[in-house]
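Note sheet for the following structure.
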């Protein structure tokens, strides 16, 4: 058959020479290669102790943000839950009471905010939908667990740790 | 005196037995470490520092695994398989001279369990028995893969025992004795090592011992890709553990045999020129002997992670068409050289 690409090359079939047939030089060559690898630097990253840096646009675990005064930004509007294609987010809204102004920024806040990490596909649409810049997928990986119920993350795991001591804040 | 002799031998046997088992245990870790290092990864390092507790964990796991004996299996032979494998692996070390004489007070202790004057024949006999464990286990499993593995083990062992024996004959023509103790004693210093007079014989011997211990590239009886697990497909729990253990003990013992037959056993260069006392020479000799053994064990593992497995017909071709003619040629060459040396010098 005619070659279409003209790149076909017929390799000559040369019988093996004596040194190739006794196979021992080839074995020694292979052993030299494995020995070289034996002393090479190992490429393994020992995971729990060392971690590979995440890329800048990595989307990991969600965190609910606080504002500059340490108040929760979320106003429980439900846009994140609505935008979520996996329907992983649920929440129960509550009204801010008198004296809670230092805890919640808006008059309405999320009393319960739950994300099912098994449903979540980490698409980041909640992040885009949020009008209050309250949710970001800027955490690490979601760790493994044994039970399904433990993958439903509540506010205890999601809300960012306050970086200001709440005791010192002046009560408005 | 008799009682003291019995106690001495008993203590020696126990020590050697313990050392053998510990080395076999840590060979499993060494194998995984070396495999890792040769593949650019660190190997097991979670159990204890550098993974030194890994063999204990593996052993514990083996003990607690469920023990399954297949319904169609021949029960007594199925149990006997691994037992026979490990017993034959352990008793081989009886004739190996681990060192010279250790003198405590007036009492001289030979660091050898039994100085049989047919030591090499004893080793060959026991190694030949070793394949029975594999054969019984494979046959009694009532599984075609196991049976295939057992058949392969038997045919491989028979084929390679011939060339192994022939390569030893050439060595015996040089040594003029079958006693392990005398063979090692002949190789005093460095230049008297038998590797210098029998390089071809050593090459044949080491290839055959790879085949006899069922190590890669001759691990056709196990052969995961074709036969699942080969002869130990149906084995579980500590029975499987014993089969693996016997493989590692075999490796240790054949390393010891190679070191003592060709690499001078406990002899090391300038051993009598450094002005050491007899006991010190013995102790250093034992350490040197173990270093040689470890070097051979490393070599076994190095080869394992370098070479792929032989195909069955290649195995047979190598055994019958290459090694046996080579071994016979080696005998002839040795004979010619011995006569030439006697007539000319």
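For the range B:152-164, which positions are surrounded by 21 or more Cβ atoms within 10 Å (Cβ to Cβ) and under 19 Å from the mean Cα position of the chain (by Cα)?
Start the filter on the range B:152-164 by keeping residues that are surrounded by 21 or more Cβ atoms within 10 Å (Cβ to Cβ), which leaves B:152-153, B:156-157, B:160, B:163-164.
Once the filter is applied, which keeps residues that are surrounded by 21 or more Cβ atoms within 10 Å (Cβ to Cβ) and under 19 Å from the mean Cα position of the chain (by Cα), the range B:152-164 yields B:153, B:156, B:157, B:160, B:163, B:164.
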Inset, instruction - Pairs only if they're at least six apart or on different chains, beta carbon under 8 angstrom, first in the range B:331-345 and within 13 Å of residue B:174 (Cα to Cα), second outside any helix (DSSP H, G or I); list them, first residue then second. - result: B:334/B:198
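Just checking, which of B:41, B:32 is within 23 Å of residue B:254 (Cβ to Cβ) and without any contact (Cβ under 8 Å) to a residue 60 or more places away in the chain?
Numbers: B:41 fails: within 23 Å of residue B:254 (Cβ to Cβ).
Step by step, each of B:41, B:32 is checked, and only B:32 is within 23 Å of residue B:254 (Cβ to Cβ) and without any contact (Cβ under 8 Å) to a residue 60 or more places away in the chain.
Return the only residue of B:83, B:71 being surrounded by 14 or more Cβ atoms within 10 Å (Cβ to Cβ) and either away from chain A (no Cβ under 14 Å) or part of a helix (DSSP H, G or I) (or both).
Values: B:71 fails: surrounded by 14 or more Cβ atoms within 10 Å (Cβ to Cβ).
From the options B:83, B:71, the qualifying one is B:83.
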Inset, instruction - Output yes when any residue across the range A:90-105 is in contact with a helix residue (DSSP H, G or I) (Cβ under 9 Å, 6 or more places away or on another chain), over 30 Å from residue A:146 (Cα atoms) and more than 14 Å from every other protein chain (Cβ to nearest Cβ), and no when none is. - result: yes
Inset, instruction - Of the numbered conditions (1) touching a helix residue (DSSP H, G or I) at 6+ places or on another chain (Cβ under 9 Å); (2) more than 30 Å from residue B:148 (Cα to Cα), residue B:269 fails exactly one; give the number of that condition. - result: (1)
Inset, instruction - Considering each of B:68, B:127, B:91, B:118 in turn, give the residue that is touching a residue at least 24 places away in the same chain (Cβ under 8 Å) and under 30 Å from residue B:272 (Cβ atoms). - result: B:118
Inset, instruction - Check whether at least one residue in the range B:268-282 is away from every other protein chain (no Cβ under 14 Å) and within 17 Å of residue B:207 (Cβ to Cβ), and report yes or no. - result: no
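Within the range B:117-126, does at least one residue satisfy the condition of being within 30 Å of residue B:277 (Cα to Cα) and under 22 Å from the mean Cα position of the chain (by Cα)? Walk me through it before giving the result.
Here is the first cut: in the range B:117-126, the residues within 30 Å of residue B:277 (Cα to Cα) are B:117, B:119.
Of the ones still in play, those that are also under 22 Å from the mean Cα position of the chain (by Cα) are B:117, B:119.
Yes, because at least one residue in the range B:117-126 is within 30 Å of residue B:277 (Cα to Cα) and under 22 Å from the mean Cα position of the chain (by Cα).
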Inset, instruction - Output the number of the condition that residue A:23 fails; it satisfies all remaining conditions of (1) exposed (fewer than 12 other Cβ atoms within 10 Å of the Cβ); (2) within 14 Å of chain B (Cβ to nearest Cβ); (3) modelled with pLDDT under 90. - result: (1)
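Of A:55, A:63, A:83, which residue is closer than 30 Å to residue B:46 by Cβ, modelled with pLDDT of 85 or more and more than 10 Å from every other protein chain (Cβ to nearest Cβ)?
Working: A:63 fails: closer than 30 Å to residue B:46 by Cβ; A:83 fails: closer than 30 Å to residue B:46 by Cβ.
None of the others qualify; the one that does is A:55.
Among the residues in the range B:132-154, are any without any contact (Cβ under 8 Å) to a residue 12 or more places away in the chain and in a helix (DSSP H, G or I)?
So the first thing to find is which residues in the range B:132-154 are without any contact (Cβ under 8 Å) to a residue 12 or more places away in the chain, and the list is B:144, B:147.
This time we only want the ones that are in a helix (DSSP H, G or I), so: B:144, B:147.
Yes; the residues of the range B:132-154 include at least one that is without any contact (Cβ under 8 Å) to a residue 12 or more places away in the chain and in a helix (DSSP H, G or I).
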Inset, instruction - Report, by residue number, each residue of the range B:299-315 that is surrounded by fewer than 16 Cβ atoms within 10 Å (Cβ to Cβ) and within 18 Å of the chain's Cα centre (by Cα). - result: B:299
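Taking residue A:46, is it more than 14 Å from chain B (Cβ to nearest Cβ), over 23 Å from residue A:107 (Cβ atoms) and either surrounded by 17 or more Cβ atoms within 10 Å (Cβ to Cβ) or within 24 Å of the chain's Cα centre (by Cα) (or both)?
Working: more than 14 Å from chain B (Cβ to nearest Cβ): no; over 23 Å from residue A:107 (Cβ atoms): yes; either surrounded by 17 or more Cβ atoms within 10 Å (Cβ to Cβ) or within 24 Å of the chain's Cα centre (by Cα) (or both): yes.
So residue A:46 fails the test.
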Inset, instruction - For residues that are under 15 Å from residue A:80 (Cα atoms) and more than 14 Å from the chain's Cα centre (by Cα), scanning just the range A:128-152, find the one that is surrounded by the most Cβ atoms within 10 Å (Cβ to Cβ). - result: A:134
Inset, instruction - Within the range B:317-340, identify whether any single residue is touching a helix residue (DSSP H, G or I) at 6+ places or on another chain (Cβ under 6 Å), away from chain A (no Cβ under 14 Å), surrounded by 17 or more Cβ atoms within 10 Å (Cβ to Cβ) and assigned to a loop (DSSP other than H, G, I, E, B), and answer yes or no. - result: no
Legend entry - Complete set of residues in the range B:253-279 that are buried (at least 23 other Cβ atoms within 10 Å of the Cβ) and within 30 Å of residue B:107 (Cα to Cα): B:253, B:256, B:257, B:259, B:260, B:261, B:264, B:265, B:266, B:267
Legend entry - Single unsatisfied condition, residue A:120 versus (1) free of Cβ contacts under 8 Å to residues at least 24 places away in the same chain; (2) under 22 Å from residue A:137 (Cβ atoms); (3) part of a loop (DSSP other than H, G, I, E, B): (1)
Legend entry - Failed criterion for residue A:34 (all others in (1) in contact with a helix residue (DSSP H, G or I) (Cβ under 6 Å, 6 or more places away or on another chain); (2) within 28 Å of residue A:148 (Cα to Cα); (3) within 12 Å of chain B (Cβ to nearest Cβ) hold): (2)
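Need a quick list: helices (runs of 4 or more DSSP H) entirely within the range B:165-278 having at least 3 residues that are more than 21 Å from the chain's Cα centre (by Cα) and farther than 24 Å from residue B:328 by Cβ.
Numbers: elements: B:180-186, B:194-197, B:199-212, B:224-227, B:237-262.
The qualifying helices (runs of 4 or more DSSP H) are B:224-227.
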Legend entry - Residues within the range B:36-58 that are under 18 Å from residue A:49 (Cβ atoms), in a loop (DSSP other than H, G, I, E, B) and within 12 Å of chain A (Cβ to nearest Cβ), tallied: 6
Legend entry - Set B:303, B:291, B:284, B:297: member being part of a helix (DSSP H, G or I), within 22 Å of residue B:34 (Cβ to Cβ) and free of Cβ contacts under 8 Å to residues at least 24 places away in the same chain: B:291
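The values are calculated or read from the model by the stated rules, or taken from the named source; none is laboratory data. Values in this document were obtained by computation on a predicted structure and should not be read as measured data. With ideal geometry, Cβ positions are generated from the backbone for all residues, glycine too; neighbour counts draw on all protein chains shown.
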